[in-house]
Amino acid sequence: VIGALLNNVWSFAGASDRAAVSQMTLQPFVNYNFDGGWFLSSGPLITANWEAPSGQQWTVPVGGGVGRTYRIGTQPVTTSLTAFYNVERPTGGPEWNIRFQMTFMFPQ
């Protein structure tokens, strides 16, 4: 599975003394499935704050992780663990992001 999600938020109304907002989020994703419910995945959240000073706008993580789909009793569950290193980040931004995700599925 491969794809991407893109979002940009702008301010266009409101109090004139409020700071302007223009922020983008891009999440490319790739997922490769193996036998037994195991998979490899990557879905970094790339962000850009277009109102930030030059050199402080981007956060660009690189990485991925592993997961598995299984059952707890009759309930299907997907669990994954991913880690991303921010190769580009604003001053003071985090170097690493670690994401643990557990999704309970309710198929029809």
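The values are calculated or read from the model by the stated rules, or taken from the named source; none is laboratory data. Because the structure is predicted, anything quoted here is derived from the model rather than measured. So basically every Cβ, Gly included, is an ideal-geometry build from the backbone, and we count neighbours across all protein chains shown. Only protein heavy atoms, including side chains, enter the accessible area calculation; ligands, DNA and RNA are left aside. Shrake-Rupley method; radii C 1.70, N 1.55, O 1.52, S 1.80 Å.
Put simply, of PHE34, PHE84, PHE39, PHE104 the only residue that is among the aromatic types (Phe, Trp, Tyr), without any contact (Cβ under 8 Å) to a residue 24 or more places away in the chain and on the phi < 0 side of the Ramachandran plot is PHE34. When ASN86 is tested against (1) open to solvent by 60 Å² or more (accessible area, probe 1.4 Å); (2) touching a Pro at 6+ places or on another chain (Cβ under 6 Å), only condition (1) is not met. With respect to the conditions (1) closer than 22 Å to GLY3 by Cα; (2) under 16 Å from the mean Cα position of the chain (by Cα), ARG68 falls short on a single one, namely (2). Residues in the stretch 47-57 that are touching a residue at least 12 places away in the same chain (Cβ under 8 Å) and open to solvent by 90 Å² or more (accessible area, probe 1.4 Å) were compared, and the one that is farthest from GLN27 (Cα to Cα) is GLU51. Scanning the stretch 5-31 for residues that are in contact (Cβ under 8 Å) with a residue 24 or more places away in the chain, under 23 Å from GLY65 (Cβ atoms) and open to solvent by 60 Å² or more (accessible area, probe 1.4 Å) returns LEU5, PHE29, VAL30.
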